[in-house]
Amino acid sequence: MKVLSAKGIKGQIQEELKSAVDDIKEKNVQPTLAVVLVGDDPASAIYVKGKQKDCELLGIKSILKQLPQETTQKQLLDVIGELNEDSSVNGILCQVPLPDQCDEAEVMRTILPEKDVDCFHPYNVGLLTSGKPNFMPCTPFGILQILKRYGYDVKGKNVTIIGRSNIVGRPLSVLLSLKGWDATVTVCHSRTEDIKGICQQADILVAAIGRAKFVTADFVKKGAILVDVGMNRIDDPTHPKGSRLVGDIDYEGIKEIAEAATPVPGGVGVMTRSMLMFNTINAARLQNGMDPFEI
């Protein structure tokens, strides 16, 4: 089975993004991403640090607004408002999850659509659905980049997605069905009948439900391509940390059946960050009257 590691293509994508940053800087524009982090969640802090590292590597300016755990909704929206008004800031990302007192949906609606580099604002979701997106949703577009750069054409293929979240499953189903990608898409969820039988028909199977090793060998069609979006921590006494990360797919179990699969870690998650950089660069281009670039 072929391993569709992001490490095998990340360098190529970084070169393309770095070239795009250099090009826009020659026009006296400094691409800038502002990240808002509320609280001290360790996982969120790690993600933010990774995004800052990516920005530094590519030449994108990074701004961190770190707020205390007790930050109110109004205080958070005031910070978002300040970043909206700052013309030097091209992209705004609010790291989730947020504390209970903060309304994530309202925060996402408050970020200006032209600075919404996560592609969560209803306006940007509408553009995506109409087939004319300004930004690509980061994780779904990262998945398509993996397939494309490893030589797997989705045109006419039966693609089954397990999970209908607004972050991955739903936007991925829209993106795959747009002209140019042209896949035939089925979305499975908790109310789907005979989910196993449906998955067995998939040429490409995407698991994005957050359930460790949910997809076992009997879900998989011989020769299928598997994409694992899951990141689940399970106990493992043999691991130095006492636990380890696994995906939604039983990786060991499908090795003799699948043609290829993304690993966890080292797969889709890595690509998500790269696509955030892609969106930030395009936000800077669009805000300065330039055509977007493509990868």
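The values are calculated or read from the model by the stated rules, or taken from the named source; none is laboratory data. All of these numbers come straight from a predicted model, not from anything done at the bench. Glycine gets a Cβ as well: all are built from the backbone with ideal geometry, and neighbour counts include every protein chain shown.
In the set (1) farther than 17 Å from Leu175 by Cβ; (2) at pLDDT below 95; (3) among the polar types (S, T, N, Q), Ser130 fails one condition alone, (1).
Filtering region 207-223 to residues that are surrounded by fewer than 17 Cβ atoms within 10 Å (Cβ to Cβ) and under 15 Å from Arg164 (Cβ atoms) leaves Gly210, Arg211. Screening region 116-127 for residues that are hydrophobic (A, V, I, L, M, F, W, C) and closer than 19 Å to Ser274 by Cα and picking the one that is surrounded by the fewest Cβ atoms within 10 Å (Cβ to Cβ) gives Phe120.
Of all residues assigned to region 49-62, at least one qualifies as being of a type in the set (Gly, Ala, Ser), assigned by TED's automatic domain parsing to the domain that holds Pro99 and either under 30 Å from Val220 (Cβ atoms) or modelled with pLDDT under 95 (or both).
Only one of the listed residues (Leu76, Leu128) is over 26 Å from Val270 (Cβ atoms), in contact (Cβ under 8 Å) with a residue 40 or more places away in the chain and not hydroxyl-bearing (Ser, Thr, Tyr). That residue is Leu76. In region 81-93, the residues that are of a type in the set (A, V, I, L, M, F, W, C) reach residues that are assigned to a helix (DSSP H, G or I) with C-beta atoms within less than 6 angstrom, at least six apart or across chains, in these pairs: Val89/Leu83; Ile92/Leu83; Ile92/Lys115. Among the residues of region 80-115, just one is surrounded by fewer than 20 Cβ atoms within 10 Å (Cβ to Cβ) and touching a Lys or Arg at 6+ places or on another chain (Cβ under 7 Å), namely Asn84.
Residues are listed down the side, and each one gets a yes or a no for (1) touching a residue at least 40 places away in the same chain (Cβ under 8 Å); (2) buried (at least 16 other Cβ atoms within 10 Å of the Cβ); (3) more than 19 Å from the chain's Cα centre (by Cα):
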{"residue": "Lys155", "(1), (2), (3)": "no, no, yes"}
{"residue": "Gly163", "(1), (2), (3)": "yes, yes, no"}
{"residue": "Arg191", "(1), (2), (3)": "no, no, yes"}
{"residue": "Ile198", "(1), (2), (3)": "no, yes, yes"}
{"residue": "Ala202", "(1), (2), (3)": "yes, yes, yes"}
{"residue": "Leu205", "(1), (2), (3)": "yes, yes, no"}
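In region 33-46, of all residues being touching a Leu at 6+ places or on another chain (Cβ under 9 Å) and of a type outside the set (Val, Ile, Thr), the one that is surrounded by the fewest Cβ atoms within 10 Å (Cβ to Cβ) corresponds to Ala45.
When Ala207, Ala224 are checked against the criterion of being touching a Phe, Trp or Tyr at 6+ places or on another chain (Cβ under 9 Å) and either among the polar types (S, T, N, Q) or at pLDDT 95 or above (or both), a single residue qualifies: Ala207.
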